[in-house]
Amino acid sequence: MNDDAQILIARLLTHQTLRRDDKMVKRALSDDLFRTELDKRLLECGLKLLDNVYADHVTLALHRNVEPKIFGAKDIWQNNNFGLTRDGVALLVVLWAQIILPKRQRQETHQAIDVDQSDMFDKDNPIPRAEDTSIGISYTTLLADFGDKLGKKTRMDMNLGLLSKLGFIERRGDVILEGPLLDLLMDTDVLKERIINGALADVFKRAPLAAAPRRHVSEAANDEPQEAPEAAAAADTDIDTPQA
């Protein structure tokens with residue numbers, strides 16, 4: 001058992017994320033004795049396993065109680081999430097709100113993207129996987145709707161590249177998709193109410209962004225970034241720090 005825990009931890013440290021259907025991950029999620037051993041060994045290093053039943057991956061993160069010893073004063077590390085600037089954190093929250101919250105609603109109602117209408121309300125079905133319920137959003141529409149608030153095209157492209165490198169998103173042509181970390185490192189219970197009723201309330205009064213472009217974007221100037229929306233503040237304390 002000890003060797004298996006060691007191997008799983010080493011694999012997570014090496015690959016950053018592993019799928020929930022991985023053999024050893026499935027064991028960690030179903031075998032209480034193995035999970036206890038795994039958690040014990042991780043805790044000794046100040047780490048924890050991040051598992052979300054709505055996500056298709058698991059990862060490792062720092063325990064909250066060791067973060068001050070690693071990053072210093074609280075007001076410092078909150079403003080240095082992954083090296084993202086304020087507009088980068090704001091973009092991350094916007095993407096999380098536009099991709100993860102609709103996906104969560106589909107999962108909670110057991111509704112896959114291509115579900116048969118007769119099966120929509122069959123509560124006996126398991127929660128659909130993220131890959132069966134997660135719909136990407138259009139880069140073109142994102143730029144049109146949020147470009148002015150997120151630094152316009154140059155800044156947004158730079159931050160999207162960084163978020164992709166960090167594993168939060170994946171890009172396929174014009175479509176921005178959920179990456180393995182997007183639904184793991186954001187605290188849904190805390191952020192959902194803040195976003196829907198607070199920082200992004202005006203966004204959720206409109207129809208959600210579509211995976212295909214809805215309209216053409218006018219010429220996007222490469223201006224200096226404007227002040228990012230309040231979404232950045234909503235995320236400051238709720239992003240777990242992964243280890244890889």
Would you calculate the separation in nanometres between label points at HIS63 and THR154, each defined as 7 Å from the Cα along the Cα-to-beta-carbon direction?
4.6
Quick calc: nm separation of the 7 Å Cα→Cβ label points for ALA10 and ILE127 -> 3.1
Starting from the Cα of GLN105, step 7 Å along the direction of its Cβ; do the same at ILE70; then give the gap between the two resulting points in nm.
3.4
Considering only Cα-Cα distances, which of the following residue pairs are longer than 32 Å: LYS26/LYS103; LYS26/LYS153; LYS23/LYS153; LYS69/LYS149; LYS48/LYS103; LYS103/LYS153?
LYS26/LYS153; LYS23/LYS153; LYS69/LYS149
May I ask you to give the solvent-accessible area per residue for region 1-72, in square angstrom, as obtained with a 1.4 angstrom probe?
56
From the protein chains alone at 1.4 Å, what is the descending order of accessible area for HIS15, HIS57, largest first?
HIS15, HIS57
Segment THR36-ASP174, length gained on full extension (0.36 nm per residue, minus Cα span):
45.4 nm
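The values are calculated or read from the model by the stated rules, or taken from the named source; none is laboratory data. A quick note: this is a predicted structure, and the numbers were derived from the prediction, not measured. Because the Cβ atoms are built from the backbone with ideal geometry, glycine has one as well, and the counts that use them run over all protein chains shown. Accessible surface is based on the protein model in full, side chains and every heavy atom, while ligands, DNA and RNA are left aside. Shrake-Rupley method; radii C 1.70, N 1.55, O 1.52, S 1.80 Å.
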